[in-house]
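Below is one structure, written out as structure tokens; comments come after it.
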Amino acid sequence: MKTVFKKSVPGREGVWPEKPKSKIEDFIPADMLRESSGMPSLSELDVVRHFTKLSMKNFGVDSNFYPLGSCTMKYNPKFTEQVAALPGFARLHPVISQLKGAGRHCQGALEVVFETERMLSELCGMADFTMHPMAGAHGELTGVMLIAAYHRDKGNKKTKIICPDSAHGTNPASAAIAGYDVVSVESHDGIITPEALAEVLDDEVAAVMMTCPNTLGLFETHLPEIVKMIHEKDALLYYDGANMNAIMGKMRVGDAGFDVVHLNLHKTLATPHGGGGPGSGPVGVCEKLTPFLPISRVKKLEDGQYYLDYDAPKSIGYVAPFYGNFGVYLKAYAYMLRLGREGLTRATENAVLSANYMRKRLEDDYEIPYNRICMHEFVASAVKQAKNGVRALDVAKALLDKGHHAPTIYFPQIVKECMMFEPTETESKETLDQFLDDMIEIARLSDSDPDFIKNAPTTLSVSRLDETKAARDMVITDDIE
Amino acid sequence: MPYVPHSPEETREMLEVIGVNSVDDLFAEIPIELRPKSFNLPKGMSEMAVLEKMEKIAARNTTNLTSFLGAGFYDHFIPTAVDALISRSEFYTAYTPYQPEASQGTLQAIFEYQTAMARLLDLPYANASVYDGGTALYEATLMAVRKTKRRKIIVSEALNPIYRVMLDSYTTNLNLELITVPHNHGRTNIKSLTAIIDKDTAAVIVQNPNFFGSVNDFTDLFTTVHEHKAIAIMSTYPVLQSVLKTPGQMGADIAVAEGQSIGQPLSFGGPYLGVMTCSKALVRQMPGRMAGRTEDGEGKTGYVLTLQAREQHIRRQKATSNICSNQALCALRTLIHLCLLGEEGMRRTAGLSIERAHYAADRLTSIDGVELFTKGPFGNEFAVTLPVNAFEVIDKLTERGIIPGFPLGRYYEGLENGLLIACTEKTTEEQIGIFAEILRGTL
């Protein structure tokens, strides 16, 4: 399909405003102006049809089962879109809150910030939350900056952060970009043991970043002891909330001893992923880290009025221009109100139920390296199929032909031919069964007709794409030859 | 329970397959001491009740005043078709396009967005966007530090102060030296900036139009930057970039922008998007997602995420950035908005916004004691000095239905009487007239 720029017809009228009365040269000297910017000339229908056709080349949760591990591709309720589009929210200029006495013009928005922070604090058992981080990785960076500020304030000389070998790649990247050296700790039988941790845990460790359940979908059963060891070194324990959908109502990370947590609202709390964003990555902290939270904080007066507090001398400062992705966490707030205590617990229970059901039904046809009760996701391997030359990538592509999105593949890196499945709670048993039947058929075809699997996909707008050519040519705009 | 489909019978069947008796058995591994000490969230509500509650909360925000607020975030008209198209669930309920064959819609759209940004900012390479204009600037700064292996960053005080405070926070732990060069009565102080560039300078960061609305040509400044083998970083305003001399023409190495003004509602500060573009020499230092064009086995054109070897999921702590998403849906909004308006529509939008701002400047400075602070050419935003404190004037005018602008005193000491005023194509001459009359009556 041609790019939208190639469809441009000079002179064709789009959604134009009226013509200005004067020329721009009347206000700005001509040598400070440009010629054409190269934007296309198209009718409204040209544009509508182009993007509608493009959308039809995508899988999404509404049209396809999307068991992408670690990504929690649950259904996104429609009413939350309507909430975010309410003019009282969508049209609100962020700097209005910074004018004198203008808090009165944004009481509703400040209430949303305040109440969302309260609800997340209760959900996670943390003392407080900041809504400012704009995605999960941004939350991680903010969390590590909070950890650094805490140690700086105490005069601690700490230079290292420990991440398990099963950690999401963002954990070591966030620690490094915040100025820390990263130390890896090996997992044993899928989890972190106190013995392995003891080998790398010294006085220079500022924090240990963990996710629980971990990326293999396994609960870290040594957690109580690990928490104790870390706190004895005055190090902090960070919780990567990517897997929060496994524990709502079952465990609160604050009660369990974690000091900092980021959530991915676009995962756990059902805000849409948007093809890669926008997300929202709020960060929760224990009591001793609250003085370091980003500026500004929403506070509530006794008379019920909300205001912005900028008086935080120990704060890490500004991580976002305003209050984070307000239009995103607004949806998460509405979702939490809708589900409530019980609904959120049921979501977790059903996510874990579905994951275990899938794991069990696949165990005869695929290698399940840690075949025990898992949490909201589990890892399988295509090592059996690899004997016939069918790899995890091939299984993934064959699933696309069946109309399912693929699992996450080749992550975590510690499992060979890894496939990570996360069904989420919103998918029905028929959907799971259809998917599982298709997985089993792919396993059988891998024996009888491996080439058929290796040639997938054949039913989509393109077949397998040459990624090496893309990296070599680096054609990332229409103007690069 | 909403959005959970399993019936009791289905649950029983599934538990049987798993080989446990109850759902609780699935959580047996969580030690008792780790169980919640409390879980006092409210009870769930019906969809109708939540919508009613949220409508009431939204009504406690004032959005019906005539507003001249800008400060880097502008209320331009968004064509209706933008919302209609991004509501296609194939776009908004998809994930990052890890399976390219099932994500050609998102990938081609990102490729087109990159093309649009590269053309608008006039540099050859663009990424798929980062979180916002401020984080784009921070990532640009780190690109320059990696490329030059130097640690001194020179920043113009006429750069949006919101971005300057963000840069301060982000660089605290990184042992970088940030030097801020004061503005000169609202003009970017090119002379002072030029004078302090030396062999230790990693980057010089300026903005056009600057925070006070002033339009600049940084060509000579950037020549000096390059003589010292440093990196020229420019922050810009994408609506006006459809008419202004470009970062590329001035010789910028990296150009970034807050993309909000093209296609995003103000939404109390987000979600927005950070636009990032750069020269060829820097492309491998650029963080974030990038879509590239390639072919399938039959030679059919397709798109994939490319240059992933820079990224965290492969490089872990050695990645160029920890960033692992883009603002895909926001970038799509920006792209669709640009396509709907096209070359002529964007020029008119810029032209009308500039024209209205100059009309407002004329009307307001005809009032005794109100003087134009922004010297030289300006775009759709300008600053005036009032005879009294601007915070007080804003407070009074807001009572009369007008938010007259942003108080410069909030970020600039000594400019307590300064008021920053923005217009867009939505601002009418009638609104400007009323503003001027009320202001005249107030002073």
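The values are calculated or read from the model by the stated rules, or taken from the named source; none is laboratory data. All of these numbers come straight from a predicted model, not from anything done at the bench. Reconstructed Cβ throughout: ideal geometry from the backbone, glycine too, with neighbour counts over all protein chains shown. Heads up: the accessible areas ignore ligands, DNA and RNA and are worked out on the full protein's heavy atoms, side chains in. Shrake-Rupley method; radii C 1.70, N 1.55, O 1.52, S 1.80 Å.
Please specify each residue of the stretch A:320-367 satisfying the condition of being within 7 Å of chain B (Cβ to nearest Cβ) and open to solvent by 20 Å² or more (accessible area, probe 1.4 Å).
Scanning the stretch A:320-367 gives A:338, A:341, A:342, A:346, A:349, A:360, A:361.
Does residue A:468 satisfy the condition of being part of a helix (DSSP H, G or I), of a type in the set (Val, Ile, Thr), more than 7 Å from chain B (Cβ to nearest Cβ) and open to solvent by 70 Å² or more (accessible area, probe 1.4 Å)?
Working: part of a helix (DSSP H, G or I): yes; of a type in the set (Val, Ile, Thr): yes; more than 7 Å from chain B (Cβ to nearest Cβ): yes; open to solvent by 70 Å² or more (accessible area, probe 1.4 Å): yes.
So residue A:468 fits the description; yes.
I'd like the full set of residues that are within 7 Å of chain A (Cβ to nearest Cβ), closer than 27 Å to residue A:222 by Cα and not in a loop (DSSP other than H, G, I, E, B), limited to the stretch B:27-45.
If the condition is that a residue be within 7 Å of chain A (Cβ to nearest Cβ), closer than 27 Å to residue A:222 by Cα and not in a loop (DSSP other than H, G, I, E, B), then B:27, B:33, B:34 are the ones that fit.
Out of the residues in the stretch A:122-133 meeting the condition of being open to solvent by 10 Å² or more (accessible area, probe 1.4 Å) and not hydrophobic (A, V, I, L, M, F, W, C), tell me which one is nearest to residue A:110 (Cα to Cα).
Pass one, the stretch A:122-133, residues open to solvent by 10 Å² or more (accessible area, probe 1.4 Å): A:122, A:125-128.
Retained after the next criterion (residues that are not hydrophobic (A, V, I, L, M, F, W, C)): A:122, A:125, A:128.
Working: A:122: 19, A:125: 22, A:128: 16 Å.
Taking the candidates together, the pick is A:128.
Please count how many residues of the stretch A:100-133 are part of a loop (DSSP other than H, G, I, E, B), over 19 Å from residue A:264 (Cβ atoms) and within 9 Å of chain B (Cβ to nearest Cβ). Outline the logic, then answer.
Here is the first cut: in the stretch A:100-133, the residues part of a loop (DSSP other than H, G, I, E, B) are A:100-101, A:125-127, A:131-133.
Then keep just the ones that are over 19 Å from residue A:264 (Cβ atoms); that gives A:100-101, A:127.
The next check asks that each one be within 9 Å of chain B (Cβ to nearest Cβ); those that pass are A:100-101.
Residues flagged as part of a loop (DSSP other than H, G, I, E, B), over 19 Å from residue A:264 (Cβ atoms) and within 9 Å of chain B (Cβ to nearest Cβ) within the stretch A:100-133 amount to 2.
Scanning the stretch B:268-295 for residues that are at the interface with another protein chain (Cβ under 7 Å from one of its Cβ atoms) and open to solvent by 10 Å² or more (accessible area, probe 1.4 Å), which turns out farthest from residue A:327 (Cα to Cα)?
B:295
If we keep just the residues of the stretch B:394-430 that are open to solvent by 20 Å² or more (accessible area, probe 1.4 Å) and among the hydroxyl-bearing types (Ser, Thr, Tyr), which is farthest from residue B:262 (Cα to Cα)?
B:411
Please report, ordered by residue number, the strands (runs of 3 or more DSSP E) entirely within the stretch A:173-251 with at least 3 residues that are open to solvent by 10 Å² or more (accessible area, probe 1.4 Å) and under 15 Å from residue A:161 (Cβ atoms). I'd like the intermediate steps shown before the answer.
Values: elements: A:181-185, A:205-210, A:236-241.
Fully inside the stretch A:173-251 and qualifying: A:181-185.
Can you name the number of the only condition in (1) under 25 Å from residue A:375 (Cβ atoms); (2) surrounded by fewer than 22 Cβ atoms within 10 Å (Cβ to Cβ) that residue A:419 fails?
(2)
Kindly indicate whether residue B:254 is touching a Cys at 6+ places or on another chain (Cβ under 9 Å), of a type outside the set (Gly, Ala, Ser) and under 22 Å from residue B:284 (Cα atoms). Break it down into steps so the answer makes sense when it comes.
Working: touching a Cys at 6+ places or on another chain (Cβ under 9 Å): yes; of a type outside the set (Gly, Ala, Ser): yes; under 22 Å from residue B:284 (Cα atoms): yes.
Yes: the conditions hold for residue B:254.
Can you confirm whether the stretch B:381-390 contains a residue that is crowded, with 23+ Cβ neighbours inside 10 Å and part of a helix (DSSP H, G or I)?
So in the stretch B:381-390, the residues crowded, with 23+ Cβ neighbours inside 10 Å come out as B:381-384, B:386, B:390.
Then keep just the ones that are part of a helix (DSSP H, G or I); that gives B:390.
Checked the stretch B:381-390: at least one residue is crowded, with 23+ Cβ neighbours inside 10 Å and part of a helix (DSSP H, G or I).
Note down all Cβ pairs under 6 Å where the first residue falls in the stretch B:291-309 and is assigned by TED's automatic domain parsing to the domain that holds residue B:114 and within 20 Å of residue B:321 (Cα to Cα), the second is open to solvent by 10 Å² or more (accessible area, probe 1.4 Å) and in a loop (DSSP other than H, G, I, E, B), and they're at least six residues apart or on different chains.
The qualifying pairs are B:292/A:475.
Considering A:47, A:61, which residue is over 30 Å from residue A:136 (Cβ atoms) and among the hydrophobic types (A, V, I, L, M, F, W, C)? Break it down into steps so the answer makes sense when it comes.
On the way: A:61 fails: over 30 Å from residue A:136 (Cβ atoms).
Just a single option satisfies the conditions, and that option is A:47.
If you scan the stretch A:368-377, which residues turn out to be buried (at least 24 other Cβ atoms within 10 Å of the Cβ) and either under 30 Å from residue B:170 (Cβ atoms) or within 9 Å of chain B (Cβ to nearest Cβ) (or both)? Before the answer, list the steps.
At the first step, the residues of the stretch A:368-377 found to be buried (at least 24 other Cβ atoms within 10 Å of the Cβ) are A:374-377.
Matches in the stretch A:368-377: A:374, A:375.
Are there any pairs, at least 6 apart or on different chains, whose C-beta atoms fall under 7 Å, with the first in the stretch B:411-439 and in contact (Cβ under 8 Å) with a residue 12 or more places away in the chain and the second in a helix (DSSP H, G or I) and open to solvent by 60 Å² or more (accessible area, probe 1.4 Å), and if so, which?
B:429/B:359; B:432/B:359; B:432/B:363; B:433/B:363; B:436/B:363
So residue A:19 fits all but one of (1) within 7 Å of chain B (Cβ to nearest Cβ); (2) open to solvent by less than 10 Å² (accessible area, probe 1.4 Å); what number is the exception?
(2)
If we keep just the residues of the stretch A:134-167 that are more than 8 Å from chain B (Cβ to nearest Cβ) and part of a loop (DSSP other than H, G, I, E, B), which is most open to solvent (accessible area, probe 1.4 Å)?
A:157
With respect to residue A:118, determine if the residue is within 30 Å of residue A:342 (Cα to Cα) and over 19 Å from the mean Cα position of the chain (by Cα). Spell out the reasoning first.
Working: within 30 Å of residue A:342 (Cα to Cα): yes; over 19 Å from the mean Cα position of the chain (by Cα): yes.
Yes.
Give the stretch A:252-275 a look and list any residue that's open to solvent by 10 Å² or more (accessible area, probe 1.4 Å), without any contact (Cβ under 8 Å) to a residue 40 or more places away in the chain and within 30 Å of residue A:75 (Cβ to Cβ), or say none.
None - no residue of the stretch A:252-275 is open to solvent by 10 Å² or more (accessible area, probe 1.4 Å), without any contact (Cβ under 8 Å) to a residue 40 or more places away in the chain and within 30 Å of residue A:75 (Cβ to Cβ), so the list stays empty.
Identify the residue in the stretch B:37-64 that is of a type outside the set (Gly, Ala, Ser) and open to solvent by less than 40 Å² (accessible area, probe 1.4 Å) and, among all such residues, is farthest from residue B:345 (Cα to Cα). If you could, list the steps in order and put the result at the bottom.
Taking the stretch B:37-64 and keeping what is of a type outside the set (Gly, Ala, Ser), we get B:37, B:39-43, B:45, B:47-48, B:50-57, B:60-64.
Applying the additional criterion that residues be open to solvent by less than 40 Å² (accessible area, probe 1.4 Å) yields B:39, B:41, B:50-51, B:54, B:57, B:61-62.
Values: B:39: 53, B:41: 49, B:50: 39, B:51: 36, B:54: 35, B:57: 36, B:61: 31, B:62: 30 Å.
It comes out as B:39.
For residue A:65, indicate whether it is in contact with a helix residue (DSSP H, G or I) (Cβ under 7 Å, 6 or more places away or on another chain) and either facing chain B (nearest Cβ under 7 Å) or modelled with pLDDT under 95 (or both). Explain how you work it out, then say what you get.
Working: in contact with a helix residue (DSSP H, G or I) (Cβ under 7 Å, 6 or more places away or on another chain): yes; either facing chain B (nearest Cβ under 7 Å) or modelled with pLDDT under 95 (or both): no.
The answer is no for residue A:65.
Determine, yes or no, whether residue B:339 is open to solvent by less than 30 Å² (accessible area, probe 1.4 Å) and either at pLDDT below 95 or not acidic (Asp, Glu) (or both). Can you show your working first?
Details: open to solvent by less than 30 Å² (accessible area, probe 1.4 Å): yes; either at pLDDT below 95 or not acidic (Asp, Glu) (or both): yes.
Considered against the rule, which asks whether it is open to solvent by less than 30 Å² (accessible area, probe 1.4 Å) and either at pLDDT below 95 or not acidic (Asp, Glu) (or both), residue B:339 comes out as yes.
Which one of B:48, B:117, B:14, B:1 is part of a helix (DSSP H, G or I) and facing chain A (nearest Cβ under 7 Å)?
Working: B:48 fails: facing chain A (nearest Cβ under 7 Å); B:117 fails: facing chain A (nearest Cβ under 7 Å); B:1 fails: part of a helix (DSSP H, G or I).
Going through B:48, B:117, B:14, B:1 in turn, the sole match is B:14.
Which number in (1) open to solvent by less than 10 Å² (accessible area, probe 1.4 Å); (2) part of a helix (DSSP H, G or I); (3) not small (Gly, Ala, Ser) marks the one condition that residue B:322 misses?
It is condition (2) that residue B:322 fails.
Filtering the stretch B:65-94 down to residues that are more than 8 Å from chain A (Cβ to nearest Cβ) and assigned to a helix (DSSP H, G or I), which residue is most open to solvent (accessible area, probe 1.4 Å)?
Top of the filtered list is B:80.
Checking residue A:404 against (1) more than 11 Å from chain B (Cβ to nearest Cβ); (2) touching a residue at least 40 places away in the same chain (Cβ under 8 Å); (3) open to solvent by 10 Å² or more (accessible area, probe 1.4 Å); (4) part of a loop (DSSP other than H, G, I, E, B), which test does it fail?
Residue A:404 satisfies every listed condition except (1).
Hey, can you tell me all the residues within the stretch A:290-342 that are of a type in the set (Val, Ile, Thr), under 21 Å from residue B:60 (Cβ atoms) and under 24 Å from the mean Cα position of the chain (by Cα)? Can you show your working first?
Looking only at the stretch A:290-342, we keep the residues that are of a type in the set (Val, Ile, Thr), and these are A:290, A:295, A:298, A:316, A:319, A:328.
Within this subset, residues satisfying the condition of being under 21 Å from residue B:60 (Cβ atoms) are A:298, A:328.
Within the stretch A:290-342, just A:328 meets the criteria.
Failed condition for residue B:24, given (1) at pLDDT 95 or above; (2) open to solvent by 30 Å² or more (accessible area, probe 1.4 Å); (3) outside any helix (DSSP H, G or I), with all others met?
(3)
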